[in-house]
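Here's the structure, in structure tokens; my notes come after.
None of the figures in this text is laboratory data; all of them are computed from the coordinates on show. Worth saying up front: this structure is predicted, and the values here are computed from it rather than measured. Positions of Cβ are generated from backbone atoms using ideal geometry, with glycine treated the same way; all protein chains shown enter the neighbour counts.
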């Protein structure tokens, strides 16, 4: 079977969960090989992590010439690797940067590209959620090496012991690729909560919070959930844009989504409509969000949420 | 200095959107408009022009799409763009992002007398297909760097500095023109066309080009040569509204806790 390349999603060598989901999906198309682009001394640790999820090989690409630049050097590196390996497909976790890397790679390799897949079947058939989650589309790459970006939470990662043999892959990065530079970077403070796009439960707040996110955050912490916000809450300056769920923010697909004081405009639905279970708390019984819910409470979030939080804490003992 | 802003004509997201029998987006039988997310790119282009008042800056709005797509560049002209180009050709229908970026790349060059302009600007993504990959593809085809997803844009001479929120950090990114620049909806509210702007737009140059005008062969674009094919599309079954209860004296919280427990979330 041919190899399927999976780009490892990691922060400082620590491998993130979507990588394991992609490795699980990759096994449907061929033999998974992981690609680590990062500091040379972190490759072995990453390889140790991915070999438990079926990575037979791990290509280690030293990012000395890559980090600090945007997109283009990564695309060049992956092009060189793909040319050598001739993989059956290349899978990348769907992030804003990876989609751009995939876009450049598609042109370089003259290969078709599918973004934001939520499932992948034998034969390379992808499922995507389109039009704000109102439709699903099944698609297939018909030219070149299929390049597919996959959304977090698209598969349950399956542990599968594999060799995880590390192979150093030297790359040559052109000067032209090093022209857009990261001048300064301010890492975000860790909240201690799960990543919004990867979380199993998301608790969101909107205009109805009136700017007070404390009830939202306390409920989120009781459930071990991530915190989200509607565009109205972000535009009001109550939450940073990175918390925004919706068309121009993050798309989430958790097991449980709890929308509080959010009316449910199409732009917000686009970001959460594919959640497995949807719950809403809103004072306005006419709010369109109630058309989507599995369970809804017409009431004031400022009284309902603290009471629910207390009940959860009590039940969890 | 020349700025070409790429804009897209999309079906109105608040109306009913659907697919044609060949699984392409129905762009004809629906109400369309300039993609909201591209308005931010037009706005930032106009702001750059206004800030660089001591030099001549020309903002050209460019769109690729069916006959009605001309409305997208008309709106950009009304907002204040100096000229517009509409590339339309029956052969383009059904093109994927890869073919679209080819047509755009040739049109960007032709709109600037055969050369790459100092700035090629785009929105964050379209509101229909929303892949968000065209700016990167365009950059690759034009051989340019890209600085994307800007929430704040500053230019000085040939230098571009942007601020953006990535998943893990807030970054300042810099590049040297020429480059491809995309902006998000955080970059600042787009202006409404004024009455004066609407009247002035009628006199501004608007050119219509075919593939032949661009020297692109019809066999390189369209649905049949797309590098990926949509095999089927299906409307998601509408979510059936579940139970909605009214909170009275704490009953709502108890009911909600009961629901969460029944689904094993607590």
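Side notes on the structure shown:
- When Rg and the Kirkwood radius Rh are both evaluated on Cα atoms of segment A:44-96, their ratio Rg/Rh stands at 0.97.
- Segment A:197-317: C-alpha gyration tensor shape, a/c 1.5 cut-off, then a/b vs b/c: rounded
- Sequence-separation-based contact order of chain B, relative, with Cα cut under 8 Å and 6+ spacing, percent: 23 percent
- Anisotropy class of the protein assembly as shown from Cα gyration tensor, a/c 1.5 cut: oblate
- For chain A, the longest principal axis of the alpha carbon atoms and the long axis of helix A:72-85 meet at an angle near 50°.
- Shape of segment B:115-226, Cα gyration tensor, a/c cut at 1.5: oblate
- Semi-axes of the equivalent ellipsoid for segment B:46-175, Cα gyration tensor, largest first, Å: 24, 19, 14
- Taking Cα atoms only, the orientation of helix B:70-79 departs from the longest principal axis of chain B by about 80 degrees.
- For residue B:210 and residue A:52, a Förster radius of 51 Å and the Cβ-Cβ distance give a FRET efficiency of 0.35, rounded to the nearest 0.05.
- Segment A:186-251 - percent relative contact order, Cα under 8 Å, separation 6 or more: 32 percent
- Reciprocal of mean inverse Cα separation for segment B:1-123 (Kirkwood radius, Å): 14.9 Å
- For segment B:1-69, fraction of C-alpha pairs farther apart than 18 Å, in %: 49 percent
- Residues B:79, A:272, B:1, B:199 arranged by fewest to most Cβ contacts within 10 Å: B:199, B:1, B:79, A:272
- Euclidean distance between Cα centres, segment B:75-122 to segment A:160-204, Å: 33 Å
- When Rg and Dmax are taken over the Cα atoms of segment A:101-241, they come to 20.2, 54 Å.
- Point-to-point label distance, residue A:314-residue B:203, nm (Cα→Cβ direction, 7 Å offset): 7.4 nm
- If R0 equals 41 Å, the separation of the Cβ atoms of residue A:44 and residue A:79 corresponds to a calculated FRET efficiency of about 0.95.
- Taking the longest Cα principal axis of chain A as reference, the axis of helix A:301-316 is set at about 70 degrees.
- Cα-only Debye scattering, chain A: base-10 log of I(q)/I(0) at q = 0.10, 0.15 Å⁻¹: -0.62, -1.17
- Hydrodynamic radius (Kirkwood) for segment B:84-152, which is based on Cα pairs only, to one decimal in Å: 12.9 Å
- Dimensionless Rg/Rh of chain B - Kirkwood Rh, Rg from C-alpha atoms: 1.07
- Neighbour-count ranking [beta-carbon atoms within 10 angstrom, fewest first] of A:213, A:36: A:213, A:36
- Convex hull (Cα only) mean projected area of segment A:248-317, reported in nm² to one decimal: 5.0 nm²
- Over segment B:210-250, volume per residue of the alpha carbon convex hull, in Å³: 193 Å³
- Taking segment B:1-142 and dividing mean pair separation by its residue count, relative contact order in percent (alpha carbons under 8 Å, at least six apart): 32 percent
- Were the residues from residue B:264 through residue B:67 laid out at 0.36 nm apart, the gain over their Cα-Cα distance would be 65.6 nm.
- Viscosity 0.890 mPa s, temperature 25 °C, Stokes-Einstein D of segment A:1-138 from Kirkwood C-alpha radius, µm²/s: 161 µm²/s
- Most fluctuating residue given options B:245, B:183, B:73, as computed from a GNM of chain B linking Cα atoms under 10 Å: B:245
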